[in-house]
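Below is one structure, written out as C-alpha cells, with a few remarks after it.
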Amino acid sequence: MNQSVAIVTGASQGIGRATAIRLAQDFAVVVLAARNSDNLNATAAEVEKAGAKAHVVVTDLSLPDAAKLLVEETLATFGQIDAVLNIAGAVPGIDLMEMTDQQWIQGAELKLHGARRLTIHAWDALKKSRGSVVFISGTAALEPKAATAAVAVINAAIDALAKAFAEKGVREGVQVNSMLPGAILTQRRRAMLEKAAAQQQITVDAAIERFPEKVGIARLGTPEEIANLLAYLVSPGARWLTGTAVRMDGGEVRGI
Ligand SMILES: NC(=O)c1ccc[n+]([C@@H]2O[C@H](COP(=O)([O-])OP(=O)(O)OC[C@H]3O[C@@H](n4cnc5c(N)ncnc54)[C@H](OP(=O)(O)O)[C@@H]3O)[C@@H](O)[C@H]2O)c1
C-alpha cells in the first residue's frame, strides 16, 4: 500500500488548500500546516473526503523553531516524508521607498526563511525517501516593480534558493524545483485588488473584471490549476525535472 507522506504549508486557504486536497489523490497522508486551525480543519475534511489521511499542525512558520517541530511531529507520527510543498507566504506589497527594515525582515521571515528551514530539517528524511520539494515563488520575481519590491526580491531569492537545494539534491537523491504562479484568485490576490479598487475608486468586482485585460491575460487563474501543476512536480513522472523554475501565468510574462 502507498504510505507516502506530503507536507503542505499554507494549507489553510488559497493555493495551499487546493494543493493539499489535490495531493490526497497521490499521497496516503497529507500534513497541513498554517496558523488558522478552523481553516486547517476545513481543509482536512476535504483531504479525507478525497481519500488521504489528513494531519493538522497549527504553527506559525515565521518563528525560528516551527519548521523543526513540524518535521519532528511528522516523523514521530508517520515515520517518513516524501514531499515538501512550501506554499505559505505573506510578503507585504509596500512601496520600495516606504518599506522599513523591520518590514523587509518580517517579509522574508516566513516565505524565504520558513521554507528554507523546513527544507533543511526535512532533508535527511527526503534523502531517505528520495523525495521532492517545491518552493512557491511568483512571477513578480521576473518583473520587479517599485510598488511591490519585496514580493519580487523575495520570490527571486526563493528561485535561487531552490536551485541551490537542487544542486545538492542531484547528488543526494532529492528533487527540488520552484514554481511561479501568475495572478491566481485567492484571498491574497483579492486583498491586492481591493487596494487597487480603492485607489482607482471603482468596485472590487470591477477591479477583478478589469485586471486580466490590463495585464494581457484572458482571466485570473484558479488555485486548482496551480495545485495540478504542483502535484505533477512531485509525481514520479516529473522526476528528471529538477533545478527548474516552472511558471504558470496564463501568458502574462512574455519574456523569453
Ligand atoms: N495568489 C496569487 O496570485 C499568487 C501569485 C504568485 C505567488 N503567490 C504565492 O503563493 C503562495 C500562496 O498564496 P495565496 O494566494 O494562496 O495566499 P493566501 O490565500 O493569503 O494564503 C496564504 C497561506 O499562508 C499561510 N500563512 C501566512 N502566514 C503564515 C505563518 N506565519 N505561518 C504559517 N502559515 C502562514 C496562511 O495561513 P494562516 O493565515 O492560517 O496562517 C495561508 O494558508 C504565497 O507564497 C504567495 O506569495 C500567489
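Coordinate-derived values only; no laboratory data. No experiment lies behind these values; they were computed from the predicted model shown. Counting neighbours? That spans all protein chains shown, and the Cβs are built from the backbone with ideal geometry, glycine included.
Arg130's amide H: which non-local residues (gap 5+, or another chain) put their own amide H closer than 5 Å, with H modeled 1.01 Å from N in plane and none for Pro or chain starts?
Long-range HN contacts for Arg130: none found.
Around Glu194, what is the net charge, scoring Lys/Arg as +1 and Asp/Glu as -1 over all other residues with Cβ under 14 Å from its Cβ?
After counting each charged neighbour, the total is +3.
Cut-off is 10 Å between beta-carbons; in what order do Val8, Val71 appear when sorted fewest neighbours first?
Ascending number of Cβ neighbours within 10 Å: Val71, Val8.
Would you compute the Debye intensity of the stretch 1-155 from its alpha-carbon atoms alone, equal scatterers and no solvent, and pass along log10 I(q)/I(0) at q = 0.09, 0.14 Å⁻¹ to two decimals?
Evaluating at q = 0.09, 0.14 Å⁻¹ gives log10 I(q)/I(0) of -0.29, -0.66.
Any idea what the relative contact order of the chain is, in percent, if you count C-alpha pairs under 8 Å spaced at least 6 apart?
So the answer I get is 19 percent.
Please tell me which of these pairs span more than 28 angstrom C-alpha to C-alpha: Lys145/Lys168; Lys68/Lys145; Lys68/Lys168; Lys145/Lys195; Lys111/Lys145? Don't skip to the answer; put the middle values down first.
Details: Lys145/Lys168 32 Å; Lys68/Lys145 34 Å; Lys68/Lys168 20 Å; Lys145/Lys195 16 Å; Lys111/Lys145 19 Å.
Where the Cα-Cα span goes over 28 Å, the pairs concerned are Lys145/Lys168; Lys68/Lys145.
Please arrange Thr242, Thr203, Thr222 by counting, for each residue, the other beta carbons lying within 10 Å of its beta carbon, fewest first.
Least crowded to most crowded, the residues run Thr203, Thr222, Thr242.
How do Asp65, Asp249 rank when sorted from fewest to most other Cβ atoms within 10 Å of their own Cβ?
Going from least to most buried by this count: Asp65, Asp249.
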